[in-house]
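Shown next, in C-alpha cells, is the structure this report addresses.
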Amino acid sequence: MVTPATAAIPHARCGRRPPAGAGGTAAVVGASEGSVSQVMPPASAARGTPPSGPMDQMRNNRAMSTLATLRAPEAPATPRHRVAVLARPRLLSLELGIVHQLFGQARTGGTVTGEPLYEVLTCATEPGELETDGDFTLTVRHGPEALAEADTVVVLSSPEDYVQRRPELTPPLARAFARLRPDARIASICTGAFVLASAGLLDGHTATTHWRYSESFARLFPRVTLDRDVLYTDGGTVLTSAGCAAGIDLCLHMIRRDHGMAVANDVARRTVVPPHREGGQTQYIREPVPQPASPGTAAARAWALRRLGEPITLAMLADREAMSVRNFTRRFRAEVGMAPMAWLTEQRVRFARELLEDSDLSVDRVAERAGLGTAANLRQHFHAALGTSPSAYRTTFRGTLARQRRAS
C-alpha cells in the first residue's frame, strides 16, 4: 500500500517578517528545525535596577550588543510582488512547481546573490488537502483570503474545466474571485483559462488554452477571441497560456515584463529552459517531428540569428537549406509554427529589447543594429509586439534595474 506524501505549503504571510520576542528580545531559530532560544538581558537590567558594578555593566553592554546584532533587519521599503497560486482539485503538480520555481528564482540584478523579487504562496477555495495528478496529496494552508493581497494570481488547470457544460463559476470560485483586487494581474495555465472566461475576465480579449480543448472553449465562450496557435497571450492585466509546459513561457514573460530581460534570462538559465520558445502550439499539433534525415530549417535560423543586423531575405534563408522558397516556407511553418519573415522580425525586436536594456545606443542605432532599419520602423514593430515605444521601454527597465542595483 502506498502512503501518500503530503507537501506542506509555508503559511507565513508574504513580505512579512516575524516579530521580535516579547519585551524587545530577539528570537533566534536554531540549526535544528523548531529549536528557538531567546537572548535575555541580565536580571538587573530586566528589573530596571542600575548595574551594581563594572562586571554588571560589562554583562549588560554585551547583552544589549548581542540583541542589536540579532534583531531582525528592517523590512524592505518596497514590498515584494505577491504571487498567489490558486490550486484546485486534481491539480497538475508540474504547473504548481513551474510557478513556484520560476518566480522563486527571480532576484534583483539578475544574479543568484540578489534579493528575491517575488513572494509566492499557494491557496485554495478552502484550506486543506487537495488531490493531485500524482500519488500524493497537497496540504494547502491558505484559503481564498490570500487572493485579496495578491499582486498576481495564477489559476492552475483542473479536470473540472473541460468537463463543465455551462460557462459559469462554481459558487466557491465565485466567492474566491470576489476577493480579487481590482488592480491585480490574473493569469491562467492550460485549461485554467476556462475559469477566467467563466468569470467574465476574458470577454473582449484574446486568449488561448490547450489545443485539445479549444473547440469546447470556443463554444462555451463566444465573447472571447480564441487564438489556438500561440503559447500565451497578454491582455495587460489578464494573461493565458496554452498547455501545461506553456506555463513556463508565460511565467518567464511576466518576469520579463516586470523586471526586464536580464532577470528573466537569468531565471531561464538557472532553470535550464529557453528564455523564449519559438512559434506557438501549432507546431505540436500538425505534424510529427521530422526524422533526422529529413531536411529542416535549424541551420538557416542559426545563420540568421548571427546576422540580425544584416539584410536577410526569404530567398537567402531558403538557399541556406538548398530548398525552394515554397518548400522552405512550408517546412519552416511546420517546425516553428510561424512564417519565416515573421519569425525574423520577432528575433530582431527581441534583440532590440536587449540593446535598449543593456546599452546607451540611440534608438536609431538600436534599430540599425537589430536590422530594423530606422527608428520609425523600430517603433512600429515595437508597438505591434509590446504595445509601447522603444523609449518608454528603455525608461521603464532602466529604472527597474537601477532600483534593483541600489537595493542589492
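At a glance:
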{"read-out": "Stretchable slack from ARG179 to ALA322, in nm (0.36 nm times residue separation minus alpha-carbon distance)", "value": "45.6 nm"}
{"read-out": "Other-chain or far-sequence residues with amide H under 5 Å of GLU119's (modelled H)", "value": "HIS81, ARG82, VAL83"}
{"read-out": "Integer Hz, Karplus 6.51/-1.76/1.60 couplings in order for segment 172-180, x for Gly and Pro", "value": "x, 5, 4, 5, 5, 5, 5, 8, 4"}
{"read-out": "Packing rank of 85-94, 123-132, where each peptide gets the mean count of other beta carbons within 10 Å, highest leading", "value": "85-94, 123-132"}
{"read-out": "R0 of 30 Å, Cβ-Cβ distance ALA376-GLU354: FRET efficiency to nearest 0.05", "value": "0.90"}
{"read-out": "Additional length obtainable on full extension of the chain from PHE136 to ARG270, 0.36 nm per residue less Cα span", "value": "45.5 nm"}
{"read-out": "Rel. contact order, % - alpha carbon contacts under 8 angstrom, at least six apart, segment 81-271", "value": "23 percent"}
{"read-out": "Under-5 Å amide H pairs with HIS142, H placed in peptide plane, nonlocal only", "value": "ALA124"}
{"read-out": "Nitroxide proxy distance, nm - points 7 Å out along Cα→Cβ at ASP364 and GLU160", "value": "5.9 nm"}
{"read-out": "Approximate shape of segment 291-407 as ellipsoid semi-axes (Cα gyration tensor, √5λ), whole Å, largest first", "value": "32, 15, 12"}
{"read-out": "Stretchable slack from ALA315 to GLU115, in nm (0.36 nm times residue separation minus alpha-carbon distance)", "value": "67.2 nm"}
{"read-out": "Rounded to 5, the percent of DSSP beta bridges in segment 81-271 classed as antiparallel", "value": "30 percent"}
{"read-out": "Model label zone, ALA148; criterion: amide N under 14 Å from point 7 Å along Cα-to-beta-carbon; scope segment 173-210", "value": "175-182"}
{"read-out": "Rough spin-label spacing in nm, given labels placed 7 Å along Cα→Cβ, for ALA218 and ARG307", "value": "3.9 nm"}
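All of the numbers you see were taken from the coordinates with simple rules; none came from a lab. Just so it is clear, the structure is predicted and the values come from calculations on it, not from any experiment. Positions of Cβ are backbone-derived with ideal geometry, glycine not excepted, and every protein chain shown enters the neighbour counts.
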